[in-house]
Amino acid sequence: MSQHLTVTLAGGGIRTVPDGTTAAETLGSQVTPETIGVQIDGRPCDLSSPLRADCCLEPIRADSPAGLAILRHSTAHLLAHAVKRLYPQVQVTIGPVIEDGFFYDFHHPAGFTPEDLERIEAEMARIVAEDRPVVREEWDRDEASEFFRSSGEGFKSEIIADLPDARVGLYRQGDFVDLCRGPHVPSTGCLGAFKLLSVAGAYWRGDERNPMLQRIYGTAWADRASLDEHLARLEEAKRRDHRRLGKQLGLFSFHREAPGSPFFHPDGALVYNLLVEYVRGLYRVYDYREVITPQILDVDLWHRSGHYENYRENMYFTAIEEREFAVKPMNCPTHCLMYGEEIRSYRDLPIRFADFGRLHRFERSGVMHGLTRVRSFAQDDAHIFCAPTQIQSEIRAVIGMIREAYAVFGFTQARVYLSTRPPQSTGSDEMWEQAESALREVLTAEGVEFLLNAGDGAFYGPKIDFCVLDAVRREWQLSTVQLDFSMPERFELEYVDGTGKACRPVMIHRAVLGSLERFLGILLEHTAGALPLWLAPCQVSLATVTDRQHQYAADVVARLCARGLRARADLRNEKLGFKIREAQALKIPVVAVVGDKEVAAGKVAPRLRGGEQLDAMTVEAFADWLLERSHAGNGGVP
């Protein structure tokens with residue numbers, strides 16, 4: 001007599017079914033055309049999964065987060081199926097889900113072209129039309145390994161060799177079989193709203209010593225409307241690409257002689273320094289003291305801090321007079337040295353050291369990307385040394401600073417993550433538990449909703465990461481607050497409490513904008529290059545109608561600059577319309593037109609970059625108008 005199971009349905013009701021009944025059979029009428037999977041006790045599974053114990057069932061819709069993950073994973077398999085049909089000699093490797101899409105890596109020395117992607121996409125559509133069932137099978141691992149080896153799929157055999165289980169999951173759709181844990185859609189006919197996007201190179205398992213693979217990126221959605229909306233966002237993101245804007249606006253460039261290290265041109269350096277001055281203004285309000293520390297330090301320091309053991313693959317080293325030195329990737333150890341130079345009293349705490357020192361980290365060439373992933377950069381970096389009783393108030397102040405900065409730069413939405421102990425870390429279990437609890441408590445007290453990012457903390461302590469959403473709703477990690485009990489211990493830092501007892505301070509690592517290079521790249525994409533008036537390298541361009549106004553325009557520029565504004569005169573022998581269009585292309589906030597009428601009246605005729613024409617005004621009134629709008633956080637000029 002077969003065993004019967006008790007199944008609780010998420011929509012209400014309880015069913016009793018024989019052991020081995022599939023999830024789809026148990027759900028019955030709750031399975032709709034939009035259902036592509038099922039949660040069994042909260043775990044995503046195939047609809048065809050047999051039930052083996054009492055459980056809770058909830059159908060997964062294609063348009064839910066869990067459903068999109070299944071769709072994208074299944075579309076990656078669809079891509080591999082199509083590639084194997086068209087290019088039988090190609091070997092398949094892995095095809096995971098990523099944000100908003102998927103990729104699949106192939107060993108194809110000849111490489112794929114854009115025309116190949118069109119062929120592959122058409123073949124994928126044919127497989128969808130065939131509506132092939134997607135069936136899970138469980139094989140003995142040795143049998144599976146031999147199957148792939150004999151099929152010429154050596155990478156799959158290598159993957160299986162690293163799996164601990166005696167049996168492995170395979171999925172079959174028509175003539176294609178792939179190694180996978182699943183889950184997947186019931187049939188290929190459930191797919192269809194997808195698009196292949198690009199091809200890139202990637203080393204097998206991320207190791208440059210391994211074979212180079214071809215990585216095909218794609219995106220998949222529950223319906224065509226969502227796909228079209230996403231593709232439109234991608235096109236908008238291309239238009240906002242900070243690398244293109246940086247060249248167009250003359251802000252920065254890169255050269256092969258210094259990979260991953262930006263060259264800031266005069267206008268770019270001006271914007272960069274304005275960002276630094278803005279942060280320095282926050283420091284005056286929040287009582288930080290700025291320091292300057294060396295860039296190259298004896299490697300013993302990095303052993304002491306733990307960076308050598310935990311971070312050396314990202315560091316640069318050099319030998320000087322038979323001593324080994326490292327170029328600093330972080331400022332924290334140097335601040336510990338400065339703190340430890342003298343005896344500190346509890347009355348001195350908190351001590352807040354801020355540092356714009358240049359940092360260098362080795363990023364692999366395959367991951368560098370404009371300003372957002374570089375090897376040479378500076379952060380609005382600071383470290384707070386405080387007593388344990390001051391942790392809550394200090395982190396609350398940092399959160400206040402972060403909120404203030406986001407408002408100034410127009411980031412109205414942010415997600416917050418609490419990152420906990422990573423596998424590679426230093427310190428005791430008790431220390432980590434205390435640090436993680438402290439961060440949870442302050443986030444809860446501040447009413448900050450947060451998501452848990454398990455295992456993604458720094459090697460020396462847990463952290464809070466603030467991720468902003470930009471104008472096209474992409475997520476960027478900006479600010480961070482890291483609580484560190486380990487480094488004060490390593491550097492034997494102390495303060496004397498009210499009873500004369502030597503105590504260990506706590507160290508808070510924090511950055512508001514983060515890497516200034518990265519922040520500028522993000523801000524350029526967020527604003528599409530239209531920086532706010534206070535941050536624009538040229539705030540106003542004086543455009544003359546004829547050469548008769550040249551002297552007047554030059555005089556106006558001098559008067560505006562004397563008021564602290566950044567103005568330039570366009571005196572070229574070009575038509576006024578051309579000058580206005582070029583100023584708009586350069587994202588200059590205001591164009592002040594100067595013709596004979598303006599010269600006679602001692603006025604200018606301002607035009608905003610959004611196209612709005614203002615009434616003519618005197619030079620002094622125009623300067624007052626600009627100054628009123630050229631302070632951080634006041635809205636600026638559209």
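The values are calculated or read from the model by the stated rules, or taken from the named source; none is laboratory data. Quick caveat, the model's predicted, so the values are computed rather than measured. Cβ coordinates were reconstructed from backbone atoms using ideal geometry, including for glycine residues, and neighbour counts include every protein chain displayed. Surface areas here come from the heavy atoms of the whole protein model, side chains and all, with no ligands, DNA or RNA. Shrake-Rupley method; radii C 1.70, N 1.55, O 1.52, S 1.80 Å.
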Karplus-derived HN-Hα couplings along the range 614-625 (A = 6.51, B = -1.76, C = 1.60, θ = phi - 60°), whole Hz, x at Gly and Pro: 9, 5, 4, 9, 5, 4, 5, 5, 5, 4, 4, 4
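Once a ≥ b ≥ c are taken as the square roots of the eigenvalues of the Cα gyration tensor of the range 263-410, is the result rounded (a/c under 1.5), prolate (a/b larger than b/c) or oblate (a/b not larger than b/c)? List each step's numbers first, then the result.
Working: a/c = 1.94, a/b = 1.11, b/c = 1.75.
Oblate shape, in that a/c is at least 1.5 and b/c is the bigger or equal ratio.
Hey, if we sort 581, 209 by accessible area with the 1.4 Å probe, largest down, what's the order? Walk me through the numbers before you get to the answer.
Values: 581 150, 209 200 Å².
Accessible-area ranking of 581, 209, largest first: 209, 581.
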For the pair residue 582 and residue 551, what calculated FRET efficiency results from E = 1/(1 + (r/R0)^6), where r is the Cβ-Cβ distance and R0 = 30 Å, to the nearest 0.05? 0.85
So I have (1) -0.31, -0.57, -1.15; (2) -0.32, -0.63, -1.31; (3) -0.22, -0.43, -1.32, and one of them is log10 I(q)/I(0) by the Debye sum over Cα atoms at q = 0.05, 0.07, 0.12 Å⁻¹ calculated from this model. Which one is it? (2)
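If DNA, RNA and ligands are ignored and the probe is 1.4 Å, what is the ranking of 317, 264, 102 by accessible area, most exposed first?
Numbers: 317 80, 264 55, 102 0 Å².
These residues rank, largest area first, as 317, 264, 102.
Taking the Cα centre of the range 100-212 as origin and charging only Cβ (+1 Lys, Arg; -1 Asp, Glu), how large is the dipole, in debye to the nearest 20? Before the final figure, lay out each step's value.
On the way: 13 positive and 23 negative charges, 31 e Å.
Roughly 140 debye, rounded to the nearest 20.
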Karplus-derived 3J(HN,Hα) from phi for the range 556-566 (6.51 cos²θ - 1.76 cosθ + 1.60, θ = phi - 60°), whole Hz, x at Gly and Pro, runs 4, 4, 4, 5, 5, 5, 5, 8, x, 9, 10
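Defining a contact as two alpha carbons under 8 Å apart and six or more residues distant in sequence, what relative contact order in percent does the range 486-540 show? Before the final figure, lay out the partial values.
On the way: 28 pairs, mean separation 10.1, N = 55.
Normalised by residue count, the contact order of the range 486-540 is 18 percent.
Taking 0.36 nm per residue of sequence separation and subtracting the Cα-Cα distance, how much length would be gained by fully extending the chain between residue 142 and residue 393, in nm to one decimal? Present the calculation step by step, with values, prior to reporting the outcome.
Values: separation 251, 0.36 × 251 = 90.36 nm, distance 5.80 nm.
Taking 0.36 nm per residue and subtracting the Cα distance, the gain is 84.6 nm.
Calculate the translational D of the range 550-598 in whole µm² s⁻¹ from Stokes-Einstein, where the hydrodynamic radius comes from the Kirkwood formula applied to all Cα pairs, the temperature is 25 °C and the viscosity 0.890 mPa s. Walk me through the numbers on the way to the answer.
Working: Rh = 11.6 Å.
In µm²/s, the coefficient rounds to 212.
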Can you list residues whose amide H is under 5 Å from residue 5's amide H, if they're 5+ apart or on another chain and H is modeled 1.01 Å from N? 17, 19
Within straight-line cross-link reach of residue 328, lysines at Cα separation under 26 Å, skipping those fewer than 8 residues along the same chain: 463
In nm, the gap between the two label points placed 7 Å beyond Cα toward Cβ at residue 181 and residue 404 is 4.5 nm
Go ahead and run the numbers for FRET between residue 625 and residue 276, Cβ-Cβ distance against an R0 of 35 Å, rounding to 0.05. 0.85
Tell me which residues come under 5 Å, amide H to amide H, from residue 637 once H is placed; ignore anything under 5 positions away on its chain. 533
Need one number: nm distance between label points at residue 347 and residue 573, each 7 Å from Cα along Cα→Cβ, rounded to one decimal. 7.5 nm
Considering the zone a paramagnetic label at residue 494 would reach in this model (a point 7 Å from Cα along the Cα-to-Cβ line), which residues of the range 340-357 have amide N under 20 Å from it? 340-351
Surface per residue (accessible, 1.4 Å probe) for the range 42-164, Å²: 47 Å²
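How long is the gain from residue 151 to residue 69 if the chain were fully straight, where each residue apart is worth 0.36 nm and the alpha carbon distance is subtracted? Let's see the in-between values first.
Values: separation 82, 0.36 × 82 = 29.52 nm, distance 2.85 nm.
Roughly 26.7 nm would be gained on extension.
Assign one of three labels to the range 55-94, namely rounded, prolate or oblate, based on the Cα gyration tensor with a ≥ b ≥ c the square roots of its eigenvalues; rounded applies when a/c is under 1.5, prolate when it is not and a/b is larger than b/c, and oblate otherwise.
prolate
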Additional length obtainable on full extension of the chain from residue 229 to residue 295, 0.36 nm per residue less Cα span: 19.1 nm
Rounded if a/c under 1.5, otherwise prolate or oblate - the range 585-638, Cα gyration tensor axes: oblate
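If we sort 245-252, 326-333 on the protection proxy, mean other Cβ atoms within 10 Å, highest first, what's the order?
On the way: 245-252: 19.9, 326-333: 21.4.
Most protected by this proxy first, the peptides run 326-333, 245-252.
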Please list 3J(HN,Hα) in residue order for the range 80-88, calculated via the Karplus relation 6.51 cos²θ - 1.76 cosθ + 1.60 where θ = phi - 60°; whole Hz, with x for glycine and proline. 4, 4, 5, 4, 5, 5, 7, 9, x
Top positive-direction residue, dipole computed over the chain with Cβ charges, set 583, 21, 8: 583
DSSP beta bridges in the range 525-634, what fraction antiparallel, as a percent rounded to 5? 45 percent
For the chain, give the magnitude of the charge dipole about the Cα centre (Cβ charges: +1 Lys/Arg, -1 Asp/Glu; no others), in debye to the nearest 20. 2000 debye
Modelled label-to-label distance, residue 208 and residue 56, 7 Å Cα→beta-carbon offset: nm? 4.9 nm
Order by accessible surface, 1.4 Å probe, largest leading, for residues 139, 204 comes to 139, 204
If you average the sequence gap of Cα pairs under 8 Å that are 6 or more apart and divide by the length of the chain, what percent do you get for the contact order? 9 percent
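Which whole-number percent is the relative contact order of the range 193-264 (Cα, under 8 Å, 6+ apart)? Before the final figure, lay out each step's value.
Working: 69 pairs, mean separation 15.3, N = 72.
Once divided by the residue count of the range 193-264, the mean separation gives 21 percent.
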Rounded to the nearest 0.05, what FRET efficiency do residue 15 and residue 89 have when you use their Cβ-Cβ distance and R0 = 41 Å? 0.25
Label zone at residue 3 (point 7 Å along Cα-to-Cβ), backbone N below 14 Å, the range 12-52: 17-21, 51-52
Cross-link reach list, lysines versus residue 597, counting only Cα pairs under 29 Å and skipping chain neighbours closer than eight places: 575, 579, 587
Once the dipole of the chain is set up from charges on Cβ (+1 Lys and Arg, -1 Asp and Glu), the residue from the list 310, 320, 152 lying farthest towards its positive end is 320
